[in-house]
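Structure first, commentary second.
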Amino acid sequence: MKKGDAICSECGAGFRRLEHTSMPPSRGEYRCPACGMLLEKFDGTAFVAYRLTIHPLVREMRE
Ligand SMILES: [Zn+2]
């Protein structure tokens with residue numbers, strides 16, 4: 001399992017990014033839940049999970 005961090009360049013939200021090779025690969029893309037910015041297009045080689053860790057300054061999101 002690979003771990004990493006990602007930051008949305010648009011709104012500053014921070015994410016923990018986890019990559020699991022033992023799970024079915026992700027397809028499609030992941031967008032920032034706060035502003036909709038494209039963070040990653042999945043290439044289908046690994047399962048990728050994002051978790052929001054730093055909320056953006058602009059609070060428009062609702063969970
Ligand atoms: Zn964002």
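General remarks:
- Listing MET1, MET37 from fewest to most neighbouring C-beta atoms within 10 Å gives MET1, MET37.
- Loop-located chymotrypsin sites (Phe, Trp or Tyr not before Pro) in the chain (DSSP state not H, G, I, E or B) with no more than 14 neighbouring Cβ atoms inside 10 Å: PHE42.
- Proximity of backbone amide H atoms, modeled 1.01 Å from N, is registered between PHE42 and GLY28, GLU29, TYR30 at under 5 Å, excluding neighbours fewer than 5 places apart on the same chain.
- Charge tally for THR45 (other residues, Cβ to Cβ under 13 Å; Lys, Arg +1; Asp, Glu -1): 0.
- Over the chain, relative contact order from alpha-carbon pairs under 8 Å, at least 6 apart, %: 36 percent
- log₁₀ of I(q)/I(0) at q = 0.27, 0.28 Å⁻¹ - the chain, Debye sum with one point per alpha carbon: -1.14, -1.19
Just so you know, all these numbers are worked out from the coordinates, no wet-lab data involved. All figures in this text were calculated on a predicted structure; none of them were measured in a lab. Cβ coordinates were reconstructed from backbone atoms using ideal geometry, including for glycine residues, and neighbour counts include every protein chain displayed.
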